Amino acid sequence: MNYKTPGVYVEEIAKFPPSVAQVETAIPAFIGYSDKGPKNEPTRISSMLEYETVFGKAKSEAFNITINDGSVEADVVLSPFKMYYAMQMYFANGGGPCYIVSVGEKVIGFPLQVDIAELKKGLDTLEKEDEPTLIVFPDAEALGSDVYGIYGFALNQAELLKDRFVIMDVVGDNATAIADFRRNVGAGPSGERLKYGAAYYPKLETVLSYNYDEKQVKVTIVQASFAAGDEDATYLSDLKLNNSDLYNQAKKVIESKRVVLVPSSAMAGVYAKVDSTSGVWKAPANVGLNYVVAPTVKISHEDQKALNIDPEAGKSINAIRTFTGKGTLVWGARTLDGNSNEWKYVSVRRFFNMVEESVKKATERFVFEPNTANTWIRVQTMIENFLNQQWQDGALAGSKPEEAYYVSVGLNKTMSAQDILEGKMNIEIGMAAVRPAEFIVLRFSHKLQES
């Protein structure tokens with residue numbers, strides 16, 4: 001300070017180095033159609049109640065009930081809009097704060113259609129948001145073959161920003177769907193984007209029931225004593241007043257029709273749960289799914305071989321399987337870049353995303369600081385303290401810190417004199433990220449009797 005006036009002056013001297021604050025790791029953005037709410041405006045919510053307040057509920061499905069001699073049957077024409085049910089699955093499986101990008105209100109008439117151009121527009125608005133780290137498309141299943149296009153756009157955004165990850169679904173329940181997914185979801189112009197996404201299979205039968213409006217559920221009662229084709233048509237709301245027994249039977253049949261969903265929304269919840277209870281470095285696998293009756297396809301040990309390892313394209317697909325006594329478990333932890341030793345696992349890719357984004361934000365304070373040894377030491381110490389905490393938490397392998405990570409910055413280390421003249425400060429960071437024990441091999445042998 002430049003002292004000119006007599007008096008007592010107080011100076012505070014900083015003794016602690018600056019620190020790196022860890023960014024959030026599981027803030028998904030759900031892009032799709034809603035009942036109401038702002039269009040193409042990423043909106044942060046933290047509960048199912050908040051979603052209902054801002055974006056409404058599910059569209060009423062078109063149920064038709066036929067009652068013939070006390071036998072009740074239900075037929076339904078389902079809409080392609082699944083956002084509301086997806087949010088139920090997300091929060092039931094451990095989800096927390098998230099973003100909703102509504103690309104429009106659900107169409108009331110027919111045909112009910114999901115438009116790739118509208119989803120792409122919603123995805124583009126997300127590019128301006130810094131906080132989201134996961135991308136999910138609950139309605140993408142209805143796109144048919146266009147689903148691969150929207151997944152490609154999302155992977156491009158994740159590769160460009162390097163701070164988010166795409167959770168994808170294999171659309172369909174057969175081997176053809178798997179082959180189509182692998183053939184159409186490519187590595188992109190750079191050949192590097194597959195490490196920013198993971199795919200899951202198959203779809204899930206949930207405990208959720210479809211939403212319906214009693215005033216819109218048509219009920220046809222066929223009396224055995226009537227002539228063939230003689231019918232008495234009404235609606236479920238009328239039946240409630242006229243015949244409570246048939247009304248209760250009809251409601252029971254309607255509610256027995258369970259919602260079938262692609263697994264991405266439930267997996268977003270699993271990611272959030274694992275991140276909060278263990279850490280982003282823990283693989284989001286061997287975790288039970290809530291609100292799930294069973295996968296729509298039963299996958300065996302042999303079936304999963306072709307899913308987990310793809311010798312040709314290297315595109316791994318994570319299976320969701322049912323095990324006796326354990327329920328429905330996530331039984332895969334690979335990115336789409338399944339043949340890469342560096343980026344094979346979801347947990348490794350997402351951990352690097354977290355560290356890169358955290359360190360990037362922390363070092364922004366040093367922009368325009370003197371590019372000298374004093375600044376380099378402060379930056380190095382700051383990053384080393386952060387990585388040391390990650391090592392202590394179990395995110396990095398190694399019995400000693402020097403085996404787990406290194407940070408290098410300085411003249412003739414990471415920078416030349418020319419770099420300094422050009423205002424560049426190059427920092428090199430190396431980390432030994434832990435990897436999941438995907439294959440546990442137990443070796444047994446006979447021991448010979450010795451006495």
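Worth pointing out:
- Two-site label geometry, residue 252 and residue 129: point separation in nm, points 7 Å out along Cα→Cβ: 4.3
- The residue 13 and residue 235 beta-carbon pair, evaluated with R₀ = 56 Å, returns a calculated FRET efficiency of approximately 0.10.
- Additional length obtainable on full extension of the chain from residue 446 to residue 73, 0.36 nm per residue less Cα span: 128.2 nm
- Overall size of the stretch 349-425 from C-alpha positions, given as principal axis extents largest first: 39, 22, 21 Å.
- Put in order of Cβ neighbour count within 10 Å, fewest first, the listed residues 348, 222, 166 become 222, 348, 166.
- Relative to the longest principal axis of the Cα atoms of the chain, helix 83-92 runs at roughly 60 degrees.
- Take every pair of alpha-carbon atoms less than 8 Å apart whose residues are at least six positions apart; their mean separation over the length of the stretch 369-451 yields a relative contact order of 28 percent.
- By the beta-carbon count within 10 Å of each Cβ, the least crowded to most crowded order of 377, 317, fewest first, is 377, 317.
- Calculated over the stretch 8-85: convex hull of Cα atoms, volume per residue (Å³): 207
- A full extension of the chain between residue 192 and residue 216 corresponds to an added length of 3.7 nm, given 0.36 nm per residue minus the alpha carbon distance.
- With R₀ set to 22 Å, the beta-carbon distance separating residue 160 from residue 312 gives a calculated FRET efficiency near 0.20.
- Taking the longest Cα principal axis of the chain as reference, the axis of helix 175-184 is set at about 40 degrees.
- Here the chain is assigned +1 on the Cβ of each Lys and Arg and -1 on the Cβ of each Asp and Glu. Its dipole about the Cα centre then comes out at about 1020 debye.
- Whole-Hz ³J(HN,Hα) from phi, Karplus 6.51 cos²θ - 1.76 cosθ + 1.60, for the stretch 408-422, glycine and proline x: 10, 7, x, 5, 6, 10, 10, 9, 9, 4, 5, 4, 5, 4, 8
- Sparsely packed trypsin sites (Lys or Arg not before Pro) within the stretch 114-217, loop by DSSP, other Cβ within 10 Å at most 16: 128, 162, 215
- When the pairs 59/315; 39/360; 57/218; 203/282; 203/273 are compared against a 27 Å limit on Cα-Cα distance, 59/315; 39/360 fall above it.
- Isotropically averaged projected area of the chain, using the convex hull of Cα atoms (one quarter of hull area), nm²: 38.2
- Here the residues 408, 445, 190, 316, ranked from fewest to most Cβ neighbours within 10 Å of their Cβ, fall in the order 445, 190, 408, 316.
- Between 0 and 90 degrees, the angle of helix 264-277 with respect to the longest Cα principal axis of the chain falls at about 40 degrees.
- For the stretch 137-292, the relative contact order comes to 24 percent (Cα pairs under 8 Å, sequence separation of at least 6).
- Computed lengthening from residue 406 to residue 428, 0.36 nm per intervening residue step minus Cα-Cα distance: 7.1 nm
- Across the chain, the mean sequence separation of Cα contacts (distance under 8 Å, 6 or more residues apart), normalised by length, yields a relative contact order of 17 percent.
Read-outs throughout are calculated quantities, based only on the coordinates presented, and are distinct from any laboratory measurement. What you see is a predicted model; the values in this text were computed from it and never measured. No Cβ is skipped: glycine too gets one built from the backbone with ideal geometry, and neighbour counts run over all protein chains shown.
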